[in-house]
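Trainee: Sending over a structure as structure tokens; questions will come in a sec.
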């Protein structure tokens, strides 16, 4: 059994990770830690665990190098994990970081969008854990940077188009919509029930931190540096991300060629579902599961492609992908503990 | 492997049953049938099954006696299943009926609240499948009447109080609140999004068909015929039932005695969770799971007890309990295929 | 024109009051004050006022006796208003308090459920402003205690039944359901979007502070001290309160007699609508308006009456009733500034 | 007083129109008609009107030329109004059509996106009633084509940019999000509560009928034919439309120039609110009102502008704009009966 510790277990992503690991046949949870709820029964914090998991939250471990585990999951605000880990820790166990600290290779870009980086020397060891794109590197790393939610959905939607040269690389517009769990469990007027219920808005327009992460990965796909417009919206629902992506098609590109590109890249992926012609992605069909659904339409009048992609932001966009990465890193069946269908309607 | 057929597989309860059976390690789905979607891919009707289950809906079988299966699940409007089944069918395979046809023993009561009964001669064979209360009879039956959603929650909440004589038997008031899946997938102005969103109402006041079902079962618990007030409400959410129950306490009854009664009856039940003092049931902690959560408070000022009980109406209130009953009927581990925690927030 | 000041203008009730007063043909808003947003444009706090009302929030006035206004509205947490007002202030202008400080006549009861009272000497001057029941006293008072939201709905539902002796006075059970604005604008995990969306729960069972307020008023109606069970629930919607009330009928009471009682008491009330037989109150039909809708059903099987009553908690349950009270106190047409229909669906 | 008749009064737009006209100081409602509810009390169909408006729905008038009214509002599925009206009717009274029949000048485009046109000879008389853009023509017409909801919001957002040559005319992408009332009151699985709650999807991608309407009007603004991408999304909320628009900026265009363009066009418009720098439109601040809120951001990295615009789809997007048009056509104060602030939170 894999002994797993979870630091930051009482945020939404942390909690969904604890749930998935609890059901995982090859994992034993060694500890769950929490800054806010240390010494509290985990089931007092999350009533769904009542009578299921009798474990107390511990305080964040002071020296993680002393932990006797096989894998450490960290789900923390940016800047904290990088101040906590070390090469010595990485020699002892694997680390899967659900935060932003190791997602960007370009430290300048990181420091521009975030803050000063605390562990630059480890950046080169980190592997960006978008499973379907980096499977081989994931196998061998000890330091896994689990991608962001918007980014997972956006990158998976656009990569085949860029790799196959089917679109104008500088025409990408990503209009993204997220449920409110994306904003976390911290209290904030913007996510107070009566402030976001029954309304929709864009936020952090042209300024969201997932932008450089998307751009870095899509630049790899494009083979050159590209910029995108990424606009997140807050939707009055608990879970789910929908990305509606727009791009100008390369001259002469038609439906079949696009379809083939997606099939070549994702046809054998068990967690990516390419929807039949005319069907667009809807968050309800992936909610509660680790799937990414992708549909697209070509508008011949404007010669643009419109791609829709949907994920559950807490699963494929966080905890589920973390488990998928763990499975790859430990040589397990990649879908172990992740085979759930979306319950519907939920 | 148990070969299972599902008639009425494209309603919400039917679909949740298909999902649970698909994940069940000891079940093979032989067929799914549907009046409305026959000959359609199941995954066209429910996109969550896309690329997971490639099976077409068949038409409702004309002669069920010819089915070569081990168990038949029926999830149909009242009156249809009873017109379809026969002793001969029951000799060939087990039947678990998620509808109302075999829930009431008293055929006069059935005909008063519903309509003429089509299979009176089979009524005596039917076992009311509230697992925690009738486990022994369930083991031996071929005809299982799976309880209603409101009823499951109401009966589990009140039974220990009645059995132990802790309350005035004729003082029970059940104020119940349900998510909109309880009304099914059929189109109706009352469940049109913009008609029920952002509003709450009572409906079928003093006239809901779950009333006699609750009364019959609670009368068994009380040892005498009792009547209750049962008022259902429609809540703007997808899933979940909360029952807030009121009763006058027998003189002198105190907290500890009530607590003991619940523990004696349910302490070893894995799908009933008795909440700590001061904690009331919330639907969010059971949504997506087969659990029933029960909390209670004694109001010493009025000498009444207030009990709160919560279930997922499609799981413990329908498909989950049907699987639990199947497990009992086939001698499997009772929680097989039902061990899921509620994902939260969902 | 009536010069009005509003202290506590940036809570939800305060803001709805500012909106109603802004539209009121006989009112000039002199100032709006706020602890949290002093010196901020009101329209920065509430974007609906953008370009409509250019007024800055001032700090809470230190000495209200110096205010040069005709009426002061206070919408503050309990205990603050009573520490702020004085006889001298009451001699200068009228005060309409939307808080709890002057609602209970019995100071012992107040101090048991709330805290020490800061202005006991003014309690006898205060009039409980449930317009339809106390219209005459409201006309002459300078200190108006505006009722609570749950209480307005509960008291209006039950008063005619008690006054006419149609029910057993000690059998009243009030099962109340409220939208989330009832919990205010202050941040709290319980009202974080993803914690209360898609779930329903009871809270403060047998312990909610509106209980003694309901009991005091219903005791006046009954002519003797009575106790009730009152259970509030949190419903995932913005606005609206539904009270489902239960009581044992006095022997022999029938539908017509009950109907007549309601008509005698409320038949000429423009803000109370008695629903036709068989129709129950729904919050959606009163949302955004000052109406109270009341329906009822008699269950002959149990000899109980079930009454449903609905209001908009921020209007008839707070700001609207405050304006209605102001209209009465200033001799204006009682529905001035309150004639709005509910927009639907909203 | 203006005598008004409403055909199609029991859809959502029709009903909101009846509400606004009921409150309008210069209008008497002569009749409300309905195919589905003829001979029913209007307040039985919409409980918000209970005890407010005692009027029965009549059947759709057979010969509208005989109506003795001043203005006829039609809120019907496309193709019906054009089959009903005539020059003779237009000579007798004014017609304001909330449907699509007279919105497009180009009959070929109409017949491509809709169906054969029944009254081509009247098309040249019709004026497209986007009040802020066509005020002068509206004054003089008898046949007013009230714009669509998505179109109103999209056109208002983009017109100043096109008129001032600030953007690349063929780079416009309109990503639109609507509440569910936009889909009307007709029953449909897509708008069944539990099918659209807690999910978001795009629909009619590159195929929505509002596309040619937007293009025709924006082509007038651009001075040449232009095409756009328009993608509607269904958001789980009752009301509100948000349009997030993207376009490539003309070289050298900066924030101040854009701001000036909007101010020049809309600075004196009472129903358009230009938001301060950094603020984006949110549907909650316009819900229940006739306002259009517009915000924008320039992304210097990509040289694109992102515009956000929000309206209440049933008010500025339908009934409110119809009343605004009526006010203009009858020489009344343009905001008469439309001065309401958005109630919040609602």
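Trainee: Can you tell me which residue in segment C:312-333 is farthest from residue C:153 (Cα to Cα), limited to those that are within 16 Å of the chain's Cα centre (by Cα) and not in a helix (DSSP H, G or I)?
Mentor: By that ranking, first place goes to C:314.
Trainee: Does residue B:340 satisfy the criteria of being at pLDDT below 95 and either assigned to a loop (DSSP other than H, G, I, E, B) or outside the structural domain of residue B:13 (by TED's automatic domain parsing) (or both)?
Mentor: Yes.
Trainee: Follow-up. State yes or no: is residue B:195 within 11 Å of chain C (Cβ to nearest Cβ), farther than 30 Å from residue B:108 by Cα and part of a helix (DSSP H, G or I)?
Mentor: Yes: the conditions hold for residue B:195.
Trainee: Considering each residue of segment B:62-84, count those that are under 13 Å from residue B:6 (Cβ atoms) and over 25 Å from the mean Cα position of the chain (by Cα), and give that number.
Mentor: Looking only at that region, the number is 1.
Trainee: Could you run through segment A:13-29 and say how many residues are in contact with a strand residue (DSSP E or B) (Cβ under 6 Å, 6 or more places away or on another chain) and surrounded by fewer than 19 Cβ atoms within 10 Å (Cβ to Cβ)?
Mentor: Matching residues across segment A:13-29 total 2.
Trainee: Taking segment D:46-63 as the search range and keeping residues that are outside any loop (DSSP other than H, G, I, E, B) and either touching a residue at least 40 places away in the same chain (Cβ under 8 Å) or within 13 Å of chain C (Cβ to nearest Cβ) (or both), which one is surrounded by the most Cβ atoms within 10 Å (Cβ to Cβ)?
Mentor: My answer is D:48.
Trainee: Out of curiosity, is residue B:211 assigned by TED's automatic domain parsing to the domain that holds residue B:168, assigned to a strand (DSSP E or B) and under 19 Å from the mean Cα position of the chain (by Cα)?
Mentor: no
Trainee: From the residues in segment A:207-256 that are free of Cβ contacts under 8 Å to residues at least 40 places away in the same chain, within 14 Å of chain D (Cβ to nearest Cβ) and more than 17 Å from residue D:244 (Cα to Cα), which one is surrounded by the fewest Cβ atoms within 10 Å (Cβ to Cβ)?
Mentor: The extreme case among them is A:225.
Trainee: Could you list, in sequence order, the residues of segment A:130-151 that are farther than 19 Å from residue A:222 by Cα, crowded, with 21+ Cβ neighbours inside 10 Å and out of contact with any strand residue (DSSP E or B) (no Cβ under 7 Å at 6 or more places or on another chain)?
Mentor: Passing the criteria: only A:148.
Trainee: Then there is this: Please go through segment A:75-117 and give me each residue that is in contact with a helix residue (DSSP H, G or I) (Cβ under 7 Å, 6 or more places away or on another chain) and closer than 13 Å to residue A:147 by Cα, ordered by number.
Mentor: Answer for segment A:75-117, where residues must be in contact with a helix residue (DSSP H, G or I) (Cβ under 7 Å, 6 or more places away or on another chain) and closer than 13 Å to residue A:147 by Cα: A:75, A:96, A:97, A:98, A:99, A:101, A:102, A:103, A:104, A:105.
Trainee: So residue C:263 clears everything in (1) surrounded by fewer than 19 Cβ atoms within 10 Å (Cβ to Cβ); (2) in contact (Cβ under 8 Å) with a residue 24 or more places away in the chain except one condition, right? Which one?
Mentor: Only one criterion is unmet by residue C:263, namely (2).
Trainee: Could I ask something else about it? Among D:39, D:70, which is the only one that is at pLDDT 95 or above and on the phi > 0 side of the Ramachandran plot? It would help to see each step written out before you state the result.
Mentor: Working: D:70 fails: on the phi > 0 side of the Ramachandran plot.
Answer to the check: D:39.
Trainee: Does segment B:283-305 hold any residues that are facing chain C (nearest Cβ under 8 Å), in contact with a helix residue (DSSP H, G or I) (Cβ under 8 Å, 6 or more places away or on another chain) and closer than 14 Å to residue B:157 by Cα, and which are they?
Mentor: Of everything in segment B:283-305, nothing turns out to be facing chain C (nearest Cβ under 8 Å), in contact with a helix residue (DSSP H, G or I) (Cβ under 8 Å, 6 or more places away or on another chain) and closer than 14 Å to residue B:157 by Cα.
Trainee: Checking residue C:25 against (1) part of a loop (DSSP other than H, G, I, E, B); (2) within 14 Å of chain D (Cβ to nearest Cβ); (3) closer than 22 Å to residue C:149 by Cβ, only one condition comes out false. Which one?
Mentor: Of (1) part of a loop (DSSP other than H, G, I, E, B); (2) within 14 Å of chain D (Cβ to nearest Cβ); (3) closer than 22 Å to residue C:149 by Cβ, only one is false for residue C:25: (3).
Trainee: Okay, moving on. Residues that are at pLDDT 95 or above and in the same structural domain as residue A:35 (by TED's automatic domain parsing): which strands (runs of 3 or more DSSP E) entirely in segment A:77-187 hold 1 or more of them? Spell out how you get there, then give the answer.
Mentor: Working: elements: A:94-97, A:143-145, A:173-178.
By residue number, A:94-97.
Trainee: Continuing with this model, one more query. Does segment D:33-45 include one or more residues that are surrounded by 17 or more Cβ atoms within 10 Å (Cβ to Cβ), touching a strand residue (DSSP E or B) at 6+ places or on another chain (Cβ under 8 Å) and within 14 Å of chain C (Cβ to nearest Cβ)?
Mentor: Within segment D:33-45, one or more residues are surrounded by 17 or more Cβ atoms within 10 Å (Cβ to Cβ), touching a strand residue (DSSP E or B) at 6+ places or on another chain (Cβ under 8 Å) and within 14 Å of chain C (Cβ to nearest Cβ).
The values are calculated or read from the model by the stated rules, or taken from the named source; none is laboratory data. Treat the numbers as computed from the prediction; the structure is a model and nothing was measured. Every residue, glycine among them, receives a Cβ derived from its backbone with ideal geometry; neighbour counts consider all protein chains shown.
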